[in-house]
Every structure is written in structure tokens, then in C-alpha cells.
Amino acid sequence: MITADTMVARLLQQHPELLEVLARYHPHFKLLGQRRLRRVIAPPVTLAQVAQMAGVSSAELLDTLSEALGEKDANPRAEPSRPATTPGAVEARPEELANLPASRQVRLDVREDIERNEEPFARIMAVVKTLQADQALVLQAPFEPIPLYEVLGRRGLRHWTEPAAPGDWIVWFYRGVDRAAGEPVMREVGVAPAVLDVRGLEPPQPMVRVLEALERLRPDGRLEVLHDRRPMFLYPQLDERGFAHETEEPEPGLVRILIRRREASA
């Protein structure tokens, strides 16, 4: 059964004929037939996010796909139909961005990256990693980067989208301000062992979330990962990044990995 949480990459792998259906459904979906966008829509992206990128409701998209597979009657709507968002339907500029000088705006245009069939995610994350608390990333892309909202949101970044022409999106990523403390909102994994439960997630989400958490780990911090299997592809990534790790299986279906920096493991 197709749901809003179905991964688009897995769906197209199982039902490649739906690519043609998506391409006919909405002008934005025509880009799915182009290798450049199919490389951008990575496995973690869900149909709900693809629907947002296309400017339609998840329920409407699910109905169309289910009908194409002859499963419409067996596939209840995941949510009521609602008007689609458009580039012109935006909120007022946030206070944090109202008077932000150009010197604190880090601009990144990935339109040409995508045109050259290059995956811009690594470039975006490299910029985010160096972003100062008083800076904002101004990202320009050929489509609304819905998947980035969740990824960067977990790093403490909010987003605001400017009105833009079709095929031209400008999204600001910035740190909000805690009005009580007057400090930028930071989301960090503390010194005490932090627990990250990735059980039940489809690959590559477990590895992605672990690596994101480790980027926020303090030098003396530790991360305890709860997994449902031994993450064999994760271990080389940890070794390369200088992390020590210990794995145990206290019970069937539960794998616990304790991760710390090598210099803090003694």
C-alpha cells in the first residue's frame, strides 16, 4: 500500500511505470524524468515531501498513484485534501532576517550544480557546517528544497521562503532566537550520553541521522545508538571520522552502539 511516508526512490524502483504517471500529473513531476532531479531526490525523500515540492496535497497524489496501480479502493487517504502551497504564499519576513546585513548573508546558488547532474547536498552541508550563529544561508534552487527543512531543522535552523518565479526558489536558513535568553537557539548533543533510536527507519536514514548527530557531538560527548541490526556501512564512516565504537546485542532485534571520539575514549 502506498502512503505519504513511502520513499519515492523505493516506489520507483518497485514500480518504474509510475514515473510516467508522475511526469503527467503535474509540471513539477516532469523533472523526475530528468536524471538531474532524480539524483537530487535521494532515498530518504517521501511521497509527502514530493507532493509538497510539486505544490499538491499528499492525498491527491496518493489517489492518483493508487489508481494507476489499481489499488485506489484499498488505499485510504492519509490526510484530507488541502490547498497546495505556492511560491507566492509566504509568511512575512522573520524579525531575525528583517535587517540582516549582506555581510552576514551566506549565499549559495545550486541551480547550476543540478543542471550539471551534480548532487548539491554535500556542498550545502559544507556551508552549513561553517555557518556562524549570526549568519543566514540564502539558498537558491530550481525547486523548493522540502527535504532540507527537516535535515537542517534538526541542526537548529529555521527556514523562510521568499516569493520567486517558477523554477526559481530562494530559501533562507537561519537560527532563531530564544526571546527569554536572547541567545541563538542551538541544538547540540550534550556531554552526557545521548540516545538516538533509529530502529524501524529505512536505509540510509539510520546512517544519515547518526552522522548528523555526531557532527553536533561535543569533544567529550558520547552517543548511544539503538539499531535493529549491525550497521556494517556505518562502521567505516566512524573509523574515517575518528570515532571509537563498541557494539553489543543485549537481545534479539536490538543492537546498541556506543560512539565516542577516539581521544575521549581512554
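The values are calculated or read from the model by the stated rules, or taken from the named source; none is laboratory data. Please read all numbers here as calculations on a predicted model, not as lab measurements. No Cβ is skipped: glycine too gets one built from the backbone with ideal geometry, and neighbour counts run over all protein chains shown.
Just to verify a result, which residue in region 194-214, among those that are among the acidic types (Asp, Glu) and not in a helix (DSSP H, G or I), is nearest to the chain's Cα centre (by Cα)?
So, considering only residues that are among the acidic types (Asp, Glu) and not in a helix (DSSP H, G or I), the one nearest to the chain's Cα centre (by Cα) is Glu202.
Confirm whether Leu61 is at pLDDT 65 or above, touching a helix residue (DSSP H, G or I) at 6+ places or on another chain (Cβ under 7 Å) and within 25 Å of Val21 (Cα to Cα). Yes; evaluated as a whole, the condition is true for this residue. The residue of region 250-266 that is farthest from the chain's Cα centre (by Cα), among those that are surrounded by 12 or more Cβ atoms within 10 Å (Cβ to Cβ), not in a loop (DSSP other than H, G, I, E, B) and not aliphatic (A, V, I, L, M), is Arg262. When both residues are 6+ apart or on different chains and their Cβ atoms are under 6 Å apart, which pairs have a first residue that lies in region 250-266 and is at pLDDT below 80, and a second that is surrounded by 15 or more Cβ atoms within 10 Å (Cβ to Cβ) and part of a strand (DSSP E or B)? Note: pairs meeting the criteria are Ser265/Ala244.
Inside region 235-249, residues that are loosely packed, with under 15 Cβ neighbours inside 10 Å, in a strand (DSSP E or B) and touching a residue at least 24 places away in the same chain (Cβ under 8 Å) make up a count of 0. In region 39-48 there is at least one residue that is at pLDDT below 75, over 14 Å from the mean Cα position of the chain (by Cα) and not hydroxyl-bearing (Ser, Thr, Tyr). Applying the condition of being at pLDDT below 55 and surrounded by fewer than 16 Cβ atoms within 10 Å (Cβ to Cβ) to region 185-221 and asking which residue is nearest to Leu97 (Cα to Cα) yields Val185. Residues in region 120-149 that are closer than 19 Å to Val8 by Cα and without any contact (Cβ under 8 Å) to a residue 24 or more places away in the chain: Tyr149 only. Residues considered: Ile146, Ile124. Of these, the only one that is surrounded by 15 or more Cβ atoms within 10 Å (Cβ to Cβ), at pLDDT below 80, on the phi < 0 side of the Ramachandran plot and touching a helix residue (DSSP H, G or I) at 6+ places or on another chain (Cβ under 8 Å) is Ile146.
Within region 127-142, no residue satisfies the criterion of being exposed (fewer than 12 other Cβ atoms within 10 Å of the Cβ) and among the small types (Gly, Ala, Ser).
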